[in-house]
């Protein structure tokens, strides 16, 4: 579905991307991983034919460099920060993009429903949460039923619940036979969302292989702070069952869970599934910069 061979991009004497190669089949997900400046965005620009490059990219056999428009018609693209007009409603935005893609208005309405936004159809896009905007953006990327999806940092700026939801949406697309490429710098997403991983460092591929094997050797540490409104005693056994070897402590009215970053989402999912309401949380987690390349950890949190 998507084939890259020796993709190289230079800006003057600076090599932004060197010799990237991979094959992505239908029903598979490839995670492109690397710290800021590693070449992830440059690779995506090359795959979309937005910049000139050395090497070759084929989308269902169509050469991006020779026929970029036809190749891009086979790709659904989700930008890191979708540029929607904030004053348009969800329904108006969907109809606008359907018109751009030459798709019937009925598909626009169906896309809004499939994204779970039917009850928000008349709400202004500027009033949507970050997770809802990402759901809308993904639905619009799928309007023309493209066989290939390219997602650029789809979880950037999202809280845990929105990130879990996006994971499920990607898994749904894989089940429908889409070929999905997504870039990320958060290691814990990789084994749950991808089949293969491609790791970039300073424009060069330093790993290409099974995502499960990559996640097993590289998952960094994470600390999850949970406020559960008096349900700590019943929550602790559930957490310990999810993360064997993990450490659960109390700090005032907070539970502090020290575990692999890859297990953090499972903790929240199991608590919610057991009917335990998470009133608040805070996360201290290690990004790929610290997990692989030894720089300072990043922090993320939400409500």
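With respect to the chain, whose longest principal axis is taken over its alpha-carbon atoms, helix 105-114 is tilted by about 20°. Each residue in 234, 153 was given a count of other beta-carbon atoms within 10 angstrom of its own, and listing them fewest first yields 234, 153. For the chain, the mean residue ellipticity at 222 nm estimated from helices alone is -9500 deg cm²/dmol, where every DSSP H run of n ≥ 4 contributes -39500 (n - 2.57) and the total is divided by all residues, rounded to the nearest 500. With one equal scatterer per alpha carbon and no solvent term, the Debye-computed log10 I(q)/I(0) for the chain at 0.08, 0.10 1/Å reads -0.38, -0.60.
Once the Cα atoms of helix 261-273 and of the chain are each reduced to a long axis, what angle between those two axes, in degrees from 0 to 90 to the nearest 10, is obtained? Long axis of 261-273 versus the principal axis of the chain: about 70 degrees. Going from the residue with the fewest nearby Cβ atoms within 10 Å to the one with the most, 276, 239, 247 rank 247, 276, 239. The mean sequence distance of close C-alpha pairs (under 8 Å, at least 6 residues apart), as a share of the length of the stretch 221-285, puts its relative contact order at 50 percent.
Overall shape: oblate for the stretch 84-243, with the ratio a/c of the largest to smallest alpha carbon gyration tensor axis at 1.5 or above and b/c at least equal to a/b. Using a Gaussian network model of the chain in which every pair of alpha carbons under 10 angstrom is joined by a spring, one finds that among 76, 241, 19 the greatest mean-square fluctuation is at 241.
Bear in mind that the values in this text are calculations on the coordinates, not laboratory data. The model shown is predicted, which means the values in this text are computed figures rather than measured ones. Cβ atoms come from the backbone with ideal geometry, glycine included; neighbour counts cover every protein chain shown.
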